[in-house]
Every structure is written in C-alpha cells, then in structure tokens.
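Nothing in this text is a laboratory measurement; each read-out follows from the coordinates by a stated rule. Source: prediction; values computed, not measured. Backbone-built Cβ (ideal geometry, glycine too); neighbour counts: all protein chains shown.
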Amino acid sequence: MVKYIVQRGDTLGNIAVKYDTTVSEIIRANGIKNPNMIYPGQVLRIPSKHYEDAKEHKHMMHHHMDKSKYW
C-alpha cells in the first residue's frame, strides 16, 4: 500500500494509472463515498502491486544478506 498526497488537478483516474491500479481499488481502500470529491492535501492509500513486489524484494534481499553472515 502506498500513501499518496493528492495534488491540485489530480483525479482518481490519473492516480490509478500512475500506480497501475484501478479507481475501484482506490475507492475501496479509502472508503470514498464520492469519487469526484477528492481535494489537494488529502492522503490516500493506494493499493499497488508494483510497490508490494518492491517491498517483498527488499525484504528478501535483507533476509538473504542476514543469512550470509552465518556462512
């Protein structure tokens, strides 16, 4: 999950494209009642598979590095 601060001119659609997710996923993750009413400065949680993959990769690399101390 990525935290994103809404900027002036943002729409849920362009945020979804930027993070390779869907408007529906963003709405669901944030409990948004009216998707046309987001505002600059609002913090949104953005479900993003790419971010999760990067976090998992970093965790695996850290774990691998820790194991190497014992060889």
Subject >> Around PRO35: net Lys/Arg minus Asp/Glu count, Cβ-Cβ under 15 Å >> reply: +1
Original post:
Around ILE46, which amide H atoms from residues at least 5 apart in sequence, or from another chain, sit under 5 Å from its own amide H, with H modelled in the peptide plane?
Top reply: VAL2, LYS3, TYR4
Original post:
Quick one: length gained pulling LYS49 to ARG8 fully straight, 0.36 nm per residue minus the C-alpha distance?
Top reply: 12.3 nm
